[in-house]
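First comes the structure, then the notes that go with it.
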Amino acid sequence: MKPIAINTTLSLLFSAGLMSASVSAFAQSVAISADEKSIGLSSIFRKAYDFDPEFIVSKSDQRIANADVLAAQLAYLPTFAANYGQSPIENRVRTTFQISQPILDLKKFATLQSADSLEIVAKANFLLAEQTLASRVLALVLELIKVRENLENNEEQIRTLDAQLVRAKRRLALNQGTVTEVSSTQVRSDQAKANRQQLLLSYATFERQYQAMTGLLPQPELLRFATDLAAPRLPTLAEVAALAKDNSPKVIAANAQVRLAELEQRKVMANYLPQVDYVIQQTKIEGEKSDTFSGLNLSVPVGVSPSNIALQRKAIFAADRAEDQLRVVTTQVGLEAQQAAAQLRAGVSEVQIRKKVVASAERAVQANLKGFDAGIVTSNDVLSAILTLFDARREYVNSLATLASAYLQVQLVSGVSNEAALRAVEDMLMVPTKTASAK
């Protein structure tokens, strides 16, 4: 795929001293080894996976969730207790050791059963965090690409306007033009130069965000948009919605939460049921021989606790809420997937149309320049054509970024892994900048 044909490169900006806030940063990045420079979306994702502060918090959350899973898995194992002390009615020290193995304990058994669902929730939440990271990586790279493309676009616009300013002054000197034409062109040129400063500021901001996410500065060889779009397969809205309901971590977690709510009801009901444990107990009283007991211990709750009744009602309501939440999440995920698929379809068409608009606008500029030299059109006509061209180029770049975001979302909701989804986006409409310069 060929890169977008914009003549001015960022190196011109650097050499002209227009990017003082970022020159030192790029000078540092040039010193990085060549293999680190050839950075693609999947490579950036891996670096953010290890460095991004927000994702590090998600890793901590996963470790906490895994600890809860382990605790549930160990719920039915024997417990050991030791007691050393003197009772108020005895003057001798009593030491007691006890091992207790649950035989019939519905509360602990429900806790044990919840381990699988807790693990599913933990994995689903972490997968969602990974997908969020992939989306954030792409969004930030797209912003950097857009600013770089717009900087080049803006620099070419300045050159074109300055060239037109020279033409307008020459016509005025020949008494064929007006002061208004010269002034209007000068204003447009100054506005473009002012816009350049805002673009440089935006680039510096995104550059800092990139460094905060990956620990590295964005390389000069960062990806850029290609001119030849590799047309993606456009799935139907129904296909994407069905895939999303099967693969979405939100739906998977919501299903597991329904199961956990059912088990929580069982735990509350277990407060009314007997409990049987096999107990081995050894008691040693100071000055006497130790006494060992082993056998079954039966505990039968007697009476009704108002708090247990309240807990039971709460568990029922929580189970109903989990069912309702599952329906909400399933519907929302399906709608989001359909929206992404619809945006992908619209984006492909929009990019193709905007590419034609850019080509038409380029021809219009050339025609107006020739007409101006021939005295057929005014300088305002030329200015209008120039501004239209560069607006069209900017909108074309924005449409490519929107298309990339939509394509990533369709890939993710379809169950494609994060790195594979990012590579698919890259293969569809991106090329390395160094490939661009080579061509």
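Among all residue pairs at least 6 apart or on different chains, which show Cβ distances below 6 Å where the first residue, located in region 144-160, is over 11 Å from residue 189 (Cα atoms) and the second is among the small types (Gly, Ala, Ser) and open to solvent by less than 20 Å² (accessible area, probe 1.4 Å)?
146/401
In region 218-235, which residues are open to solvent by 20 Å² or more (accessible area, probe 1.4 Å) and farther than 21 Å from residue 344 by Cα?
220, 221
Yes or no: residue 133 under 17 Å from the mean Cα position of the chain (by Cα), farther than 20 Å from residue 202 by Cβ and open to solvent by 50 Å² or more (accessible area, probe 1.4 Å)?
For residue 133, the condition - under 17 Å from the mean Cα position of the chain (by Cα), farther than 20 Å from residue 202 by Cβ and open to solvent by 50 Å² or more (accessible area, probe 1.4 Å) - is not met.
Out of all the residues in region 363-380, which are open to solvent by 70 Å² or more (accessible area, probe 1.4 Å) and assigned to a helix (DSSP H, G or I)?
363, 366, 370, 373, 380
So which residues in region 177-212 are among the hydroxyl-bearing types (Ser, Thr, Tyr) and closer than 12 Å to residue 164 by Cβ, if there are any at all?
Result: 184, 185, 189.
Mind listing whichever residues of region 369-396 are in contact with an Asp or Glu (Cβ under 9 Å, 6 or more places away or on another chain) and more than 25 Å from residue 151 (Cβ to Cβ)?
Matches in region 369-396: 371, 372, 378, 379, 380.
Looking only at region 236-251, which residues are open to solvent by 60 Å² or more (accessible area, probe 1.4 Å) and either basic (Lys, Arg) or within 19 Å of the chain's Cα centre (by Cα) (or both)?
Listed by number, the residues that qualify are 245, 250.
Mind telling me which of the residues 191, 186, 176 ends up being exposed (fewer than 15 other Cβ atoms within 10 Å of the Cβ) and either touching a residue at least 12 places away in the same chain (Cβ under 8 Å) or acidic (Asp, Glu) (or both)?
One residue alone meets the criteria, 176.
The values are calculated or read from the model by the stated rules, or taken from the named source; none is laboratory data. Given the structure is predicted, the values throughout are model-derived calculations rather than measurements. FYI the Cβ positions are ideal-geometry reconstructions off the backbone, even for glycines, and counts take in every protein chain you see. Areas reflect the complete protein model, heavy atoms only, side chains present, ligands, DNA and RNA absent. Shrake-Rupley method; radii C 1.70, N 1.55, O 1.52, S 1.80 Å.
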